Amino acid sequence: MLIEELEQPVSSLPGIGPAAAGNLGRLGIIAVRDLLSYWPRGYDDRSRENPIENFTRNPKINTVAYVIGHSWIGYGRMKTLKIHIRDKTSEAVLVCFNRNFLEKTLAPGSVFYLTGKFFYKYGEIQSSSFEVSKITGLTFTPLMPLEKLPPFSGGKILPVYSLKEGVGQKILRKAVEEALKAYAPVIDSVVPFRYFEDRRLFDIREAVKKIHFPGHIDEAEKARETLAYEELFKFEFFLGKRIIKKKGSLTFEVPGEVQNLPLILSPSQKKLLESLPFELTEDQKTVLGRINYDIDASPLPESGKAPVPMWRLLQGDVGSGKTLVAFLAALRIFDMGGQTAFLAPTELLARQHGENAAKLLEPLGVRIAFLTGTTTGKDRTLLLEALKNGNIDFLIGTHALFSKDVVYKDLKLAIIDEQHRFGVMQRSAIARKGNSPHLLMMSATPIPRSLALTVFGDLDVSVIKTMPKGRRPVITHLASLENDVKVYSFVRNLLAKGQQGYFVYPLIQREEDWEEEESETESFSTGLKSAREMYEKLSTVIFPEFPCALIHSKIPEDEQQEIMRKFKENKISVLVATSVVEVGVDVPNATFMVIEEAQRFGLAALHQLRGRVGRGELQAYCFLVYGKNLTEEGKQRLKVLHESQDGFYIAEEDLKLRGPGSARGIKQSGYISLGISDPLEDSELLEKAREDAFDFISRGGEIPETTHIGDKFY
């Protein structure tokens, strides 16, 4: 059986009653298939000895110790046991909150295996989060030489899962163990075993067991690699099928290898370009020429030939002019009498595109409309009627553009901005809205060339690298949190000149992070600066004389629109935000971007955020302010941003710094939403899976269309 076919409820497993099943349901674990596919986010490696003396370097201790004696703190019912212990290196104390029963279990002289997190407090090394396993038949006294303590023989490697309050590691581990006992022997894969064997991977049954309970940490990585390979194999199989359906064979266009085509403009395209105060860059001309050719080359319905629509991915760095090219493509469709739909991931971005389209296209006679989920009642009814009757040429909006009740008279082109935010199924829904409409997807997040060819093999890929003339590079500075006063002083000088900018933070507000291990729950503050906290400080203490505003994803859309309107009109000088401003915010007077806790953002996100400034004639600045304990990899990542403004170079360096894989298996690149695999981190594995999947197709192999891939059915 395939994992996705294991539909038995988790309550059918031994030891999982109604209460436990209900708690698991809060994690989205309803059936056995959900449980076995709930991959660990890490591992608690208890197989390696780590004595108490190392607690400052590695607080997670695994050792053999004995009990010196007991003491107590508190009085009455609040009295708490303290167990004084020693291993071969140091003495320490176990503080037994709600575990006074250990007084009998660990009597003086008892010898036991110990694992726990240790810290220095009140003048002693101690732990309140620990587990013990008594070694029976052995008593130890302080008079005996420490060398007589039994050697550490190694414990288990336990999976660590993402949790919610009320669900502990113990119940998850127990449930997974029971599921593996019952179902691991019958698990199978749609991928033939020979492909796993050729790539020196586990078979799928072994991989599922080892991903949850590895005997060695290397087994966990090999298991993750096996499951990621299977996932990517299935993805590439269906990708190959789409390529064949669209093009008749497993071929695709390679960027830079397509001969440049002459730029033949339609009447409306020519009028728009004549009205602009600048010329297109050479890359823009090349891409537009290719798009025009694709649109014109598609057979007309009356020809009797099957339509071959353009499916093109347009990559371009922030500010390279992708949107203008998209508008020009829409004009080509307008001159042919067809309709264009322009899809943006957020209402904020959609409205900005709508405003720009109105300025550029309405003077040419293009009838433009705006549709989002907030368009309701009579306005929506009239708009949909006009769209169906062909009285709207260019429709801009969010996902609502492809709702069931939205009917186009003649949709010939669909444009998707920030395409990686939309799934494959959403792209398919778009294609079904017209008679095989052309599809132009845009990404300001540069994708490494090898990844673009592999993940988007069913798309032709175009790239705009040259930036418009006169665009000044953003000057980027690195600063530690200890020097934030200097950053604030520099920003104050810019604000005094009437300029504007952003302060960006990784969190909306500080939240308590927690992890439940056995019966103990530990809460600790993340310690990171947050947008709400810093908004109060920036607006009242640091820049009280300048108007500030706060914007983040939890603020209602209409309030976000009002805040952005005031920011564009320079009624707000400082915009304090989360990464919600990563895309779509275009304010020429914004000249500074301060990203605090910069080490918490990915390279692509940092590059995107930096691209929000420097869009006018003034010199712009970006400050990457990093916190304490910056890792060596973190330093390298920030140096890449400091040294380069080339998004494609940054993407390639990001891929190198990430490495070939991650045992956690939970990070996603954003290009496609899978489960345990990551197209960026697993780029080499993805290419192998592609090669094998295409070989499987060439041999006539088939995979059921309802096959499960990651967290979605393909």
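Check the straight Cα-Cα distances from LYS164 and name the lysines below 19 Å, setting aside those fewer than 8 residues away within the same chain.
LYS174, LYS667
Relative to the first principal axis of the alpha-carbon coordinates of the chain, what is the inclination of helix 282-297, with its axis defined by its Cα atoms, in degrees from 0 to 90 and to the nearest 10?
Helix 282-297 sits roughly 70 degrees off the main axis of the chain.
Defining a contact as two alpha carbons under 8 Å apart and six or more residues distant in sequence, what relative contact order in percent does the range 3-104 show?
On the way: 133 pairs, mean separation 17.0, N = 102.
So the answer I get is 17 percent.
Have a look at the DSSP beta bridges in the range 93-228 and tell me what percent are antiparallel, nearest 5. Working shown, then result.
Details: 10 of 12 bridges.
The antiparallel proportion sits near 85 percent.
Quick one: compute the contact order of the chain, relative version, from alpha carbon pairs under 8 angstrom and 6+ residues apart, as a percent.
Working: 1293 pairs, mean separation 89.5, N = 714.
Relative contact order, the chain: 13 percent.
Roll a 1.4 Å probe over the protein heavy atoms and report the accessible area of SER71 in Å², nearest 10.
Its accessible surface works out to 40 Å², give or take rounding.
How large, in percent, is the carbon and sulfur part of the accessible surface of the chain at a probe radius of 1.4 Å? Intermediate values should be presented prior to the final figure.
On the way: 16670 of 32580 Å².
Reported share for carbon and sulfur atoms: 51 percent.
Taking a 1.4 Å probe, which of ARG472, ARG200, ARG565 shows the most accessible area, and what order do the others take after it? Mind showing how you got there, number by number?
Values: ARG472 115, ARG200 195, ARG565 90 Å².
The most accessible residue leads, giving ARG200, ARG472, ARG565.
In what order, largest first, do ILE650, ILE508 sit by accessible area if the probe radius is 1.4 Å?
Values: ILE650 5, ILE508 35 Å².
In descending accessible area the options line up as ILE508, ILE650.
Sort SER644, SER133 by heavy-atom solvent-accessible area, probe 1.4 angstrom, most to least.
Details: SER644 15, SER133 65 Å².
Greatest to least solvent exposure: SER133, SER644.
Order the peptides 388-399, 95-106 from the highest to the lowest mean number of other Cβ atoms within 10 Å of their residues.
Values: 388-399: 19.6, 95-106: 14.8.
Per-residue mean Cβ counts within 10 Å order the peptides as 388-399, 95-106.
If R0 is 25 Å, what FRET efficiency do you get for HIS84 and ARG57 from their C-beta distance, rounded to 0.05? Show your work: numbers first, answer last.
On the way: r = 23 Å, r/R0 = 0.92.
That pair, HIS84 with ARG57, gives E of 0.60.
With a Förster radius of 25 Å, plug the Cβ-Cβ distance of ASP646 and GLN619 into 1/(1 + (r/R0)^6) and report the FRET value to the nearest 0.05.
0.85
With angles folded into 0 to 90 degrees, how steeply does helix 683-698 sit against the dominant principal axis of the chain? Use alpha carbons for both and round to 10.
Value to nearest ten degrees: 70.
Under 10 Å from the Cβ of LEU263, count the other residues' Cβ atoms, weight Lys and Arg +1, Asp and Glu -1, and hand me the total. Working shown, then result.
Numbers: positive: LYS285, ARG290; negative: none.
Net of charged neighbours comes to +2.
Mean separation of Cα pairs under 8 Å and 6+ residues apart, divided by the residue count of the range 102-165: what relative contact order is that in percent? Present the calculation step by step, with values, prior to reporting the outcome.
On the way: 49 pairs, mean separation 19.1, N = 64.
Computed value for the range 102-165: 30 percent relative contact order.
Straight distance only, please: which lysines reach the Cα of LYS285 with their own Cα at less than 19 Å, same-chain residues fewer than 8 apart left out?
Within the straight-line limit of under 19 Å, LYS285 reaches these lysines: LYS270, LYS271, LYS322, LYS465, LYS469.
Ignoring ligands and nucleic acids, what accessible area does TYR535 show with a 1.4 Å probe (Å², nearest 10)?
Around 60 Å² of this residue is reachable by solvent.
If the cut-off is 17 Å between C-alpha atoms, which aspartates and glutamates fall inside it for LYS148, apart from same-chain ones fewer than 8 positions away?
GLU49, ASP87, GLU91
First obtain the Kirkwood hydrodynamic radius of the chain from its Cα pairs, then insert it into the Stokes-Einstein equation at 37 °C and 0.692 mPa s, and state the resulting D in µm² per second as a whole number. The partial results should precede the final answer.
Values: Rh = 29.1 Å.
The Stokes-Einstein estimate is 113 µm²/s.
Extension gain ASN356-THR381, at 0.36 nm per residue separation less the Cα-Cα distance, in nm? List each step's numbers first, then the result.
On the way: separation 25, 0.36 × 25 = 9.00 nm, distance 2.48 nm.
Fully extending the segment from ASN356 to THR381 adds 6.5 nm.
Once each part is reduced to its C-alpha centroid, what is the distance from the range 1-79 to the range 301-370 in angstrom?
If you average the Cα positions of each part, the centres end up 52 Å apart.
So in the chain, what percent of DSSP beta bridges are antiparallel if you round to the nearest 5?
Of all bridge pairs located within the chain, approximately 45 percent are antiparallel.
Within a Cβ distance under 11 Å of GLU347, other residues only, what is the Lys/Arg minus Asp/Glu net charge? Can you show the working numbers first?
Numbers: positive: ARG351; negative: GLU557, ASP558.
It works out to a net charge of -1.
Calculate how steeply helix 377-388 sits against the longest principal axis of the alpha-carbon atoms of the chain, using the helix alpha-carbon long axis, and give the answer as 0 to 90 degrees to the nearest 10.
Computed tilt is about 60 degrees.
The values are calculated or read from the model by the stated rules, or taken from the named source; none is laboratory data. In this text, all values refer to a predicted model and were calculated from it rather than measured experimentally. Ideal geometry is used to build each Cβ from the backbone, glycine not excepted, and the neighbour counts take in all protein chains shown. Protein only, heavy atoms only, side chains kept; ligands, DNA and RNA dropped before computing areas. Shrake-Rupley method; radii C 1.70, N 1.55, O 1.52, S 1.80 Å.
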